[in-house]
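These notes concern the structure reproduced below.
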Amino acid sequence: MFTGIIQGRGTVTAIARAATHADLTVQTPLPTQSHSRIGDSLAVNGVCLTITQLHANGFTTTMMPETSRRTALQQLRVGAEVNLEPALRADARLDGHFVLGHVDTTVALVQRQRDENAVVLTFALPAAYRGELVEKGSVALDGVSLTLTAVTATTFSVSLIPHTLGQTGLGELQIGDLVNLETDILGKYLTKLEAMRHDDSDATS
């Protein structure tokens, strides 16, 4: 469980790809700062991964095939910077919103606009996730907890303050870039409940 409040950035220093998985090594002081251990969870660009090795200057984790297929981590290259967040402690302050680190899909940036001191990013919205996004609701993009400022049939938008632009990789996005999308868990359950009600209604009609 995470909150979507990025605790640090890391640099990819090695990617060992195999037929069914990939080992990802990231340089960052965060595991030392958060007293992480092998087996702990850590979100990399919003993807919940398990620390398999700890190094003096970072950590290594393994991506399984599902992770490579469903997330933008498959596009990472050596030298890329990633957003990092250690798992939420039970006694920690809860900011952001509950983020599971279970990415739903990737979405592409289609528009970038300046709004005084903020930057509005607009992304393409896959039809399968329309029911899980609502204006002023929460969403996680590359692990960053954000508030939805607009939702249409085909797009959704978020507004980033200067702090978020400087502390995460979202400020560097260009048109066409992909990010990891995780919708709010509450929206998932409500959408599922509505679908079940619809199925029950059809079965009894």
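Just need log10 I(q)/I(0) for region 105-188 at q = 0.18, 0.20, 0.25, 0.26 Å⁻¹, Debye formula, equal scatterers on the alpha-carbon atoms, no solvent, rounded to two decimals.
Taking Cα atoms of region 105-188 as identical point scatterers yields -0.68, -0.85, -1.39, -1.51.
For the chain, with a Gaussian network of springs between Cα atoms less than 10 Å apart, report the residue from HIS97, HIS21, HIS163 with the top mean-square fluctuation.
Highest fluctuation of the listed residues: HIS163.
Starting with the fewest neighbours, write out GLU182, GLU66 ranked by other beta-carbon atoms found within 10 Å of each beta-carbon.
GLU66, GLU182
To make sure I understand, if each residue's beta carbon is the centre and we count other beta carbons within 10 Å, what order do MET1, MET63, MET196 fall in, fewest to most?
MET196, MET1, MET63
First select every other residue whose beta carbon is under 12 angstrom from the beta carbon of SER36; then total the charges, Lys and Arg +1, Asp and Glu -1.
0
Name the most mobile residue of THR154, THR13, THR183, meaning the one with the largest mean-square fluctuation, in a Gaussian network model of the chain with Cα contacts below 10 Å.
THR154
Toward the positive end of the charge dipole of the chain, about the Cα centre and with charges on Cβ (Lys, Arg +1; Asp, Glu -1), which of LEU54, MET196, SER41 goes farthest?
Result: LEU54.
Need the C-alpha centroid separation for region 89-130 versus region 163-201, integer Å.
Measuring centre to centre over Cα atoms gives 6 Å.
So I have [x] -0.36, -0.44, -0.53; [y] -0.31, -0.38, -0.46; [z] -0.42, -0.51, -0.60, and one of them is log10 I(q)/I(0) by the Debye sum over Cα atoms at q = 0.09, 0.10, 0.11 Å⁻¹ calculated from this model. Which one is it?
Only one option fits the structure, namely [x].
Can you give me the long-range amide H partners of ASP177? Hydrogens built in the peptide plane at 1.01 Å from N, cutoff under 5 Å, separation of 5 or more residues or another chain.
Here the answer is LEU109, since their amide H atoms fall under 5 Å of that of ASP177.
Determine, at each q value in 0.14, 0.18, 0.21, 0.22 (inverse angstroms), the log₁₀ of I(q)/I(0) that the Debye formula gives when each Cα of region 8-86 is one equal point scatterer.
-0.37, -0.63, -0.88, -0.97
So what J values fall out for region 107-123 if you push phi through Karplus, 6.51 cos²θ - 1.76 cosθ + 1.60 with θ = phi - 60°, rounded to Hz, Gly and Pro as x?
Calculated HN-Hα couplings, in order: 10, 9, 6, 10, 7, 9, 10, 8, 10, 6, 8, 10, 10, 9, 10, 10, 10 Hz.
In terms of modelled amide H atoms, which long-range or inter-chain residues lie less than 5 Å from the amide H of GLY8?
The list, which skips near neighbours in sequence, is LEU84.
In the Gaussian network model of the chain, springs joining C-alpha atoms below 10 Å, which of SER145, SER68, SER41 carries the largest mean-square fluctuation?
SER68
Using only Cα atoms, tell me the angle between helix 185-204 and the longest principal axis of the chain; keep it within 0 to 90° and round to the nearest 10.
Its long axis makes an angle of about 40 degrees.
Could you list LEU42, LEU54, LEU76, LEU49 in order of exposure, starting from the residue whose Cβ has the fewest other Cβ atoms within 10 Å?
Least crowded to most crowded, the residues run LEU54, LEU76, LEU49, LEU42.
Mind listing the phi-derived Karplus ³J(HN,Hα) values for region 157-168, rounded to whole Hz, using 6.51, -1.76 and 1.60 with θ = phi - 60°, and x for any glycine or proline?
Along region 157-168, the couplings run 10, 9, 10, 10, 7, x, 4, 5, 4, x, 9, 10 Hz.
FYI, it's all coordinate maths here, none of it is from the lab. From a predicted model like this one, the values you see are computed outputs, not experimental measurements. Please note: Cβ atoms are built from the backbone with ideal geometry, for glycine as well, and neighbour counts cover all protein chains shown.
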